[in-house]
1. Among the listed residues 185, 217, which satisfies the condition of being surrounded by fewer than 16 Cβ atoms within 10 Å (Cβ to Cβ), outside the structural domain of residue 449 (by TED's automatic domain parsing) and either among the charged types (D, E, K, R) or touching a residue at least 12 places away in the same chain (Cβ under 8 Å) (or both)?
2. Checking residue 342 against (1) in contact with a Phe, Trp or Tyr (Cβ under 8 Å, 6 or more places away or on another chain); (2) part of a loop (DSSP other than H, G, I, E, B); (3) surrounded by 21 or more Cβ atoms within 10 Å (Cβ to Cβ): exactly one of these is not met. Which one?
3. Quick one: residue 47 ticks every box in (1) buried (at least 18 other Cβ atoms within 10 Å of the Cβ); (2) of a type in the set (A, V, I, L, M, F, W, C); (3) within 27 Å of residue 264 (Cα to Cα) except a single one, so which number is it?
4. Within the stretch 361-374, identify whether any single residue is touching a residue at least 12 places away in the same chain (Cβ under 8 Å), among the aliphatic types (A, V, I, L, M) and over 20 Å from residue 275 (Cβ atoms), and answer yes or no.
5. Identify all residues within the stretch 146-160 that are more than 18 Å from residue 70 (Cα to Cα) and buried (at least 19 other Cβ atoms within 10 Å of the Cβ); write none if there are none.
6. Do any residues in the stretch 521-536 that are buried (at least 24 other Cβ atoms within 10 Å of the Cβ) have Cβ atoms under 6 Å from those of residues that are of a type in the set (Asp, Glu) and not in a helix (DSSP H, G or I), where the two are at least six apart or on different chains, and which pairs are they?
Amino acid sequence: MTAFVPVDPAPAPAPRRAHGQHAARERLGDVLLQHGLLTEQQLAEALDHQQRVGAPLGAIVLARGWVTRRQLYVALAQVWGADLAFVDPVEVDEELARLFPAALLARETWVPLRVERDAAGERRVVVATAGRPSAHIAEQVVQRTGIRRVRQVVTTDWDVQRALRTVWREELVHDAVQSLAERRPDESASTVFVRKQVVLAGLLLAALIAGIVLDLPTTLVVLTATVNLAVALAVGTKAVISTVGTAWETVEQVTDEEVAALDDHDLPVYTILVPVYREAGIVGLLMRNLADLDYPREKLEILLLLEEDDPETLAAALAAAPPDIVRIVVVPHSLPKTKPRACNVGLTFARGQYVVIYDAEDRPDPDQLKKSIVAFRKGGDDLVCVQAALNYFNARENLLTRMFTLEYSSWFDYTLAGLDKLRLPIPLGGTSNHFRTDLLRDLGGWDPYNVTEDADLGIRASARGHRVAVVNSTTYEEANMAVGNWIRQRSRWIKGYMQTVLVHTRHPWRLVRTVGPRQAAGFGLLIGGTPLMFLATPWLYAMMIAELVRPGVLVSALPGWLVQVSLANLLLGNGVIIYLSLLAGFKRRTYGLVPFALLSPLYWLLHSIASYKALWQLLVNPFYWEKTQHGLSSHVQVDDTPAGLGELGVPVRTEVHA
């Protein structure tokens, strides 16, 4: 049976009080002193800190490592006048559990345990809650079971989480994977091609084959002219957007004075989601990087999302002995095994008013959370997401990291800023996306079938009338330094762009009516045009090389003007990318990277290789998540956390809470 623990270990426990009577008669600090868990000095310090940050006393002493989670809940049970239960998931009545949705229980942190009979023989439902027993919980139970008597016992939030992961496992998996596809199938990439797209592709292919058979010269002219027009429009769109971004930089500009004016007492709880898969070596690095965040520890909730089939990373996380503000959430195994699926599970358990995603190796600016709060407060109710810039701490490691850094500096400093200023849909980056939690849930979370779920979510938010903004803060992460690893990562990103275009063009007229013609055109030319540019680049290079080797060789098949347009397209496209990369180097004052901008044409050819791989995978394996290996850089150090300290800067105990 579930083990009930006496709430007062003293020889003569006080008589049980009614729930409405205990709050004024016994305080948590007094109980912690009584149990010898705090000293008078610690309690005074905690109460003083509570006045400054406005967090519950229990959260403060837990974040400082002065008590364990179970010690805290023993004391809370006494304060609340309830029994304490250490919940074993095998004791939860599964038939009863099916009456309650997992998402509701996760947000409110309670679970129904069983139906029993009291001393008078009447049926009652036993509920374990990680918060104060309340009439609200009792009402929920009565409404869903029809049983009018409810007994509420206290348990830890980790016990609630473990019970949910075990007993409600299938529901959690189903919601994380299928919720968007079932609620809004037109917004899900679970179907790669809809019937209309298949028919259109078939008609175009038939027309191409017929043209080749009946009139090859004209067909080549039409095909080449169409590709050139699309590439010119895509390059021109990117040039215009980035030019606007160079002048405006960012809409949600947050000053240091605005950050300093924030009162810690008024800051909300912030949830940090960190999905990690097969990256055991950098768990300690993650803890150290998050320790630098300038945000009250008591108002941080860090959910480390680990996969069930990755015991090595789980063991490394437990060995790191993270402080109690870090919760390890083991994501049940299911397909597709993608980052957005894990993030959806994390979103179910998130209790913060805001939620952000960080990758395991990320080093965000210390004031990034506070800057995001200011940006949300300035941005209005339609602002659903604030995107911070990404850059790289190992930019000078080799040629590839230099090119990667220039590309990302241009994208985040200019392209996204231009999209923001022009109010065009913003494709999000894979990390440092800050969301209003309630609006993110309303959007349906992330699409687990889209391998660039971040870009898709940014477009989906715009289509639903919300706004995405960028903020002047940077997260530093590890630039990919190995070509094979880079191609795996980039092919996944480009495949995701292709998926996003397919999803959001299923009903093109609806898209135009929803977001407006200018926004729809910007989406099509930037998100759709980017893969097209990469796919077309090798053929434009082939034409240029042919003309250089044998001038006029293509004129027999193509008009001279079209050959010239193709060559101009190639030169213009590369010129724009080189120019923007040069500007990005100067903007970030990374002057040593500026000369490498001249190598952008070669870097584009790598994109072309990744694009053809992405196109092939879109046809044969659309939901496959190409895993990017992190921790390869010599700049990543994982062993220098001072002994005796938790990686978030507070002492930790040797016991591990599973």
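1. Details: 185 fails: either among the charged types (D, E, K, R) or touching a residue at least 12 places away in the same chain (Cβ under 8 Å) (or both).
217 is the lone residue from the list that is surrounded by fewer than 16 Cβ atoms within 10 Å (Cβ to Cβ), outside the structural domain of residue 449 (by TED's automatic domain parsing) and either among the charged types (D, E, K, R) or touching a residue at least 12 places away in the same chain (Cβ under 8 Å) (or both).
2. With (1) in contact with a Phe, Trp or Tyr (Cβ under 8 Å, 6 or more places away or on another chain); (2) part of a loop (DSSP other than H, G, I, E, B); (3) surrounded by 21 or more Cβ atoms within 10 Å (Cβ to Cβ) applied to residue 342, the lone miss is (2).
3. Result: residue 47 fails condition (1) only.
4. If we filter the stretch 361-374 for residues that are touching a residue at least 12 places away in the same chain (Cβ under 8 Å), which is where we start, we get 361-374.
In the following step, the residues that additionally are among the aliphatic types (A, V, I, L, M) were identified as 369, 373-374.
With over 20 Å from residue 275 (Cβ atoms) added as a condition, the list becomes 373-374.
Checking the stretch 361-374: at least one residue is touching a residue at least 12 places away in the same chain (Cβ under 8 Å), among the aliphatic types (A, V, I, L, M) and over 20 Å from residue 275 (Cβ atoms).
5. 150
6. none
Residues checked against (1) in a helix (DSSP H, G or I); (2) out of contact with any Gly (no Cβ under 6 Å at 6 or more places or on another chain); (3) surrounded by fewer than 17 Cβ atoms within 10 Å (Cβ to Cβ):
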{"position": "234", "(1), (2), (3)": "yes, no, no"}
{"position": "240", "(1), (2), (3)": "yes, yes, yes"}
{"position": "244", "(1), (2), (3)": "yes, no, no"}
{"position": "254", "(1), (2), (3)": "no, yes, no"}
{"position": "268", "(1), (2), (3)": "no, yes, yes"}
{"position": "272", "(1), (2), (3)": "no, yes, no"}
{"position": "283", "(1), (2), (3)": "yes, yes, no"}
{"position": "287", "(1), (2), (3)": "yes, yes, no"}
{"position": "293", "(1), (2), (3)": "no, yes, no"}
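Here's the yes/no breakdown for (1) within 19 Å of residue 189 (Cα to Cα); (2) assigned to a loop (DSSP other than H, G, I, E, B):
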| position | (1), (2) |
| --- | --- |
| 394 | no, yes |
| 413 | no, no |
| 441 | yes, no |
| 460 | yes, no |
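The values are calculated or read from the model by the stated rules, or taken from the named source; none is laboratory data. Since the structure is predicted, the reported quantities are computational estimates derived from the model, not experimental observations. Backbone-built Cβ (ideal geometry, glycine too); neighbour counts: all protein chains shown.
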